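Sharing a structure below in structure tokens format, with a few things to ask.
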Amino acid sequence: MRWRSLNGTWQFAAAKPGEAVPTGRDLAERIVVPYPVESQLSGIGRHEDRMWYRRTFEVPRSWSGERLLLHLDAIDWDATIYVNGKQVGAHKGGYGRITVDVTDALKRGGSQELVVGVTDPTDSGQQPIGKQRLDPSGIWYTAVSGIWQTVWMEPVAQQHIDRVDTVPDVAGKALRVTVQGSAGTAVIVAKDGHKVVGTVSGPVGTELRLPVPNPKLWSPDKPFLYDLTVRVKQDEIKSYFGMRTITLENNRMLLNGRPVFQMGPLDQGFWPDGIYTAPTDEALKYDLVQTKKLGFNTVRKHTKVESDRWYYHADKLGLLVWQDMPAMFKTGDKPQFETELRELVDQHRSSPSIIMWVPFNEGWGQYDQARIADLVKSWDPSRLVDNMSGVNCCGAQDGGNGDVQDFHIYPGPGTPGKPTGTRAVVIGEYGGLGLPLIGHTWSGGGWGYAVEPDPEALTSRYVDMAKALQKLHACDQLSAAIYTQTTDVETELNGLMTYDRAVTKTDVARVHDANKALTDQISPACA
């Protein structure tokens, strides 16, 4: 195995400002990585503004002579990394991967010491935090601090690949590939199963055209993925790609040149035992599997960024993803917001499932909306941009640009009006139908935008809403709707599933059929 997980039990201690790095000494507590400090699964279960993590590791002898990369897939928020007492990296940002080359800090053989110092002010700071709050209530949830995604290490050659960016060019029957990393010649091969469909070679850092003749298109109905191999000298990586287009034409969003009504749930990505971190990969996948079973073709990842595994499952299952940027609570550090926004786009730009970036929601931490939407579009012209989800809500201001005009209507779906200008009209949030199920609530009570008495009533009202959306689709050119929400979250009881995922509240077959009736209609006539 050419990589090693460093997840598991680490030493842990709360820290004070200015405290010396605890090199060479045991810390008093134990924490399970990668679960946030505040979570039950971490074994700590409380918030700390400052903290130390410590563990030892050994480098397999078979890796001798290679460079050693340490990957920390997400730490909230300000992290400094030390190996054997030497600082090897530092990073601010709660959602992006941190990769550091630790080779020069290693001792010859034996046990190596890894210490990570973390500071996280949550909503008393200026950084992007999404829905985390130190004092959670209503639509704001428990804070998350520290290491909350996988920590792992891998050996690489001196000359190695850092990243591979892919953009499908369906019209040109090709994949545009840019290999980032050490200088050299990249050799790239695309396969359909065992069959080679295209090869190309060229310089690292240059966009190369990889032929994909007669491309099989990726869509929610047929999420076909090609295999991709990239080699630079001794370093080889294996990945995948999907061939699809997402465009805007005549106020409609087109997938692979055809209008597709996008119907999906608002997915918050919170868990009762792990908060930001799903307890297992199977649990992470389960939410998306249920989303498909309920007949949705879309999912809006709401003001949170997930692990690469989540996007892999969405790519494989076939879901169109609207990816939000986690919101700032305050707007005091705009450069930091834009740095983290760029990290989000760069880390996930090759996932075929992501078809739209959403920089802002309901005016939270809003500023320069039009400029930010144009900035995101300049970074990634291959996708749609929603300059503000919920332009009609909560002091939000529409930047007037981007590809969609996005309304929030609760419980709705209401009538957002017909498109004007060039943008598509979408309902970025509606629904929020609540149903408390005793034994499956976070705190014994809770709330919903509209509470239904039983599963049958909940299902019937959901189906009626879907029929109202059919009319808006046919008569008002509505292009998409996002239902609140995948699961209950803490005191919010609006989920299609309970917070513990033990119960799906609605009749799955009826909701599936209501959703498919919407998404199967291409260009319905207004009756």
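Out of all the residues in region 247-301, which are open to solvent by 20 Å² or more (accessible area, probe 1.4 Å), under 15 Å from Met497 (Cβ atoms) and touching a helix residue (DSSP H, G or I) at 6+ places or on another chain (Cβ under 8 Å)?
Lys285, Val289, Lys292, Lys293
From the list Tyr410, Tyr449, which one is of a type outside the set (A, V, I, L, M, F, W, C), in contact with a strand residue (DSSP E or B) (Cβ under 9 Å, 6 or more places away or on another chain) and at pLDDT below 95?
Criteria check complete, one pass: Tyr449.
Here's something else I'd like to know. Given the criterion over 30 Å from Thr56 (Cβ atoms), without any contact (Cβ under 8 Å) to a residue 12 or more places away in the chain and surrounded by fewer than 20 Cβ atoms within 10 Å (Cβ to Cβ), identify the matching residue among Val196, Val189.
On the way: Val189 fails: without any contact (Cβ under 8 Å) to a residue 12 or more places away in the chain.
After applying the criteria, what remains is Val196.
Now for a different question. For region 265-287, enumerate the residues that are in contact with a Leu (Cβ under 7 Å, 6 or more places away or on another chain) and not in a loop (DSSP other than H, G, I, E, B).
Pro265
List the residue pairs whose Cβ atoms are under 8 Å apart, where the first residue sits in region 95-106 and is under 16 Å from Glu306 (Cβ atoms), the second is surrounded by fewer than 20 Cβ atoms within 10 Å (Cβ to Cβ) and among the basic types (Lys, Arg), and the two are 6 or more positions apart or on different chains.
none
I need the strands (runs of 3 or more DSSP E) fully contained in region 322-435, keeping only those with at least 1 residues that are crowded, with 16+ Cβ neighbours inside 10 Å and of a type in the set (D, E, K, R).
By residue number, 404-409, 424-431.
Let me ask something additional. Which residue, of Gln397, Gln369, is closer than 20 Å to Gly421 by Cα, in contact with a helix residue (DSSP H, G or I) (Cβ under 8 Å, 6 or more places away or on another chain) and not aliphatic (A, V, I, L, M)?
Result of the check over Gln397, Gln369: Gln397.
Which residue out of Gly439, Gly448 is over 15 Å from Gly264 (Cβ atoms), open to solvent by 10 Å² or more (accessible area, probe 1.4 Å) and free of Cβ contacts under 8 Å to residues at least 12 places away in the same chain?
After ruling out the rest, the residue left standing is Gly439.
What are the residues in region 288-312 that are within 28 Å of Asp76 (Cα to Cα) and either assigned to a loop (DSSP other than H, G, I, E, B) or of a type in the set (Lys, Arg) (or both), if any?
Selection gives Arg300, Lys301, His302, Thr303, Lys304, Val305, Glu306, Ser307, Arg309.
Further question: Check off (1) surrounded by 18 or more Cβ atoms within 10 Å (Cβ to Cβ); (2) under 27 Å from the mean Cα position of the chain (by Cα); (3) under 26 Å from Leu68 (Cα atoms) for Asp235 and give me the number that stays unchecked.
Unmet for Asp235, out of (1) surrounded by 18 or more Cβ atoms within 10 Å (Cβ to Cβ); (2) under 27 Å from the mean Cα position of the chain (by Cα); (3) under 26 Å from Leu68 (Cα atoms): (2).
Restricting attention to region 199-220, which residues are surrounded by 12 or more Cβ atoms within 10 Å (Cβ to Cβ) and not in a strand (DSSP E or B)?
Val204, Gly205, Val212, Pro215, Lys216, Ser219, Pro220 - these are the residues of region 199-220 that are surrounded by 12 or more Cβ atoms within 10 Å (Cβ to Cβ) and not in a strand (DSSP E or B).
Has region 327-337 got any residue that is over 19 Å from Gly96 (Cα atoms) and of a type in the set (Gly, Ala, Ser)? Quick ask: steps written out before the conclusion?
At the first step, the residues of region 327-337 found to be over 19 Å from Gly96 (Cα atoms) are 330-332.
Cutting the leftovers down to of a type in the set (Gly, Ala, Ser) gives us 332.
Among the residues of region 327-337, at least one is over 19 Å from Gly96 (Cα atoms) and of a type in the set (Gly, Ala, Ser), which makes the answer yes.
I've got another one for you. Report, by residue number, each residue of region 468-527 that is without any contact (Cβ under 8 Å) to a residue 24 or more places away in the chain, open to solvent by 10 Å² or more (accessible area, probe 1.4 Å) and part of a loop (DSSP other than H, G, I, E, B).
Once the filter is applied, which keeps residues that are without any contact (Cβ under 8 Å) to a residue 24 or more places away in the chain, open to solvent by 10 Å² or more (accessible area, probe 1.4 Å) and part of a loop (DSSP other than H, G, I, E, B), region 468-527 yields only Asp520.
Name the residues in region 34-53 that are more than 24 Å from the chain's Cα centre (by Cα), hydrophobic (A, V, I, L, M, F, W, C) and more than 17 Å from Val21 (Cα to Cα), would you?
The one that is more than 24 Å from the chain's Cα centre (by Cα), hydrophobic (A, V, I, L, M, F, W, C) and more than 17 Å from Val21 (Cα to Cα): Ile44.
Consider region 129-165. How many of its residues are within 18 Å of the chain's Cα centre (by Cα), among the hydroxyl-bearing types (Ser, Thr, Tyr) and open to solvent by 10 Å² or more (accessible area, probe 1.4 Å)?
Counting residues in region 129-165 that are within 18 Å of the chain's Cα centre (by Cα), among the hydroxyl-bearing types (Ser, Thr, Tyr) and open to solvent by 10 Å² or more (accessible area, probe 1.4 Å) gives 1.
Filter region 231-255 down to the residues that are assigned to a strand (DSSP E or B), within 20 Å of Ile188 (Cα to Cα) and touching a Ser or Thr at 6+ places or on another chain (Cβ under 7 Å) and list them by number.
Val232, Glu236, Lys238, Phe241, listed by residue number.
One line per residue, one yes/no per condition, for (1) of a type in the set (Val, Ile, Thr); (2) within 30 Å of Thr56 (Cβ to Cβ):
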| residue | (1), (2) |
| --- | --- |
| Ile161 | yes, yes |
| Asp169 | no, no |
| Gly205 | no, no |
| Leu225 | no, no |
| Lys238 | no, no |
| Thr247 | yes, no |
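The values are calculated or read from the model by the stated rules, or taken from the named source; none is laboratory data. As the structure is a prediction and not an experimental result, all values here were calculated from the model. As a convention, Cβ positions derive from the backbone with ideal geometry for all residues, glycine included, and neighbour counts pool all protein chains shown. Protein only, heavy atoms only, side chains kept; ligands, DNA and RNA dropped before computing areas. Shrake-Rupley method; radii C 1.70, N 1.55, O 1.52, S 1.80 Å.
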